[in-house]
1. Quick one: Debye curve from the C-alpha atoms of the stretch 1-48, no solvent, what's log10 I(q)/I(0) at q = 0.22 Å⁻¹?
2. So how many Å³ per residue does the convex hull of the Cα atoms of the stretch 33-76 work out to?
3. Multiply the residue gap between residue 29 and residue 48 by 0.36 nm, knock off their C-alpha separation, and tell me the result in nm, one decimal place.
4. In the stretch 1-76, if the dipole is taken from +1 on Lys/Arg beta carbons and -1 on Asp/Glu beta carbons about the Cα centre, which of 72, 5, 20 is farthest to the positive end?
Amino acid sequence: MAGKYFFKNDIGVPEIKIGTKGFVCIGAEPPMDHPHIYLTMGDKNFKHCLYCNTKFVYEPALQPEYTNPPNCFVGHITDINELMHEGYNKDNDA
C-alpha cells in the first residue's frame, strides 16, 4: 500500500535502501520536513523524491521498518496521524 511507511533523510545521504515499494518521504523531521510526498516504485526498484532528491532503493531483504543506512524510518501511517493530531514534539520521542 502506497504511503503506509514514512521515511526521512535527516542525515542527507544520496540513497536510502528500504524494504517496501510504496512509501512517503517527509524529507527531514518536523518542523524541517518538506511536503509529505506519496511515492511508489512500480516496476522499478528505485524512486527519487521530487522534493529532496533522495534516491530510495528497494531492498527485499529489509523489513519495511528498517533502512540502510539506519534511522531513516519515521513510522507507520497510523503513527504519523497520531503525531499530527496530538501535535508533534520531537522532545517526546523515545
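Computed from the coordinates by the stated procedures, all read-outs in this text should not be read as laboratory data. All values reported here derive from a predicted model rather than from experimental measurement. Here the Cβ positions follow ideal geometry from the backbone for every residue, glycine too, while neighbour counts run over all protein chains shown.
1. Rounded to two decimals, the profile gives -0.77.
2. 93
3. Once the chain is fully extended between residue 29 and residue 48, it gains 5.0 nm.
4. Toward the positive end, the furthest listed residue is 20.
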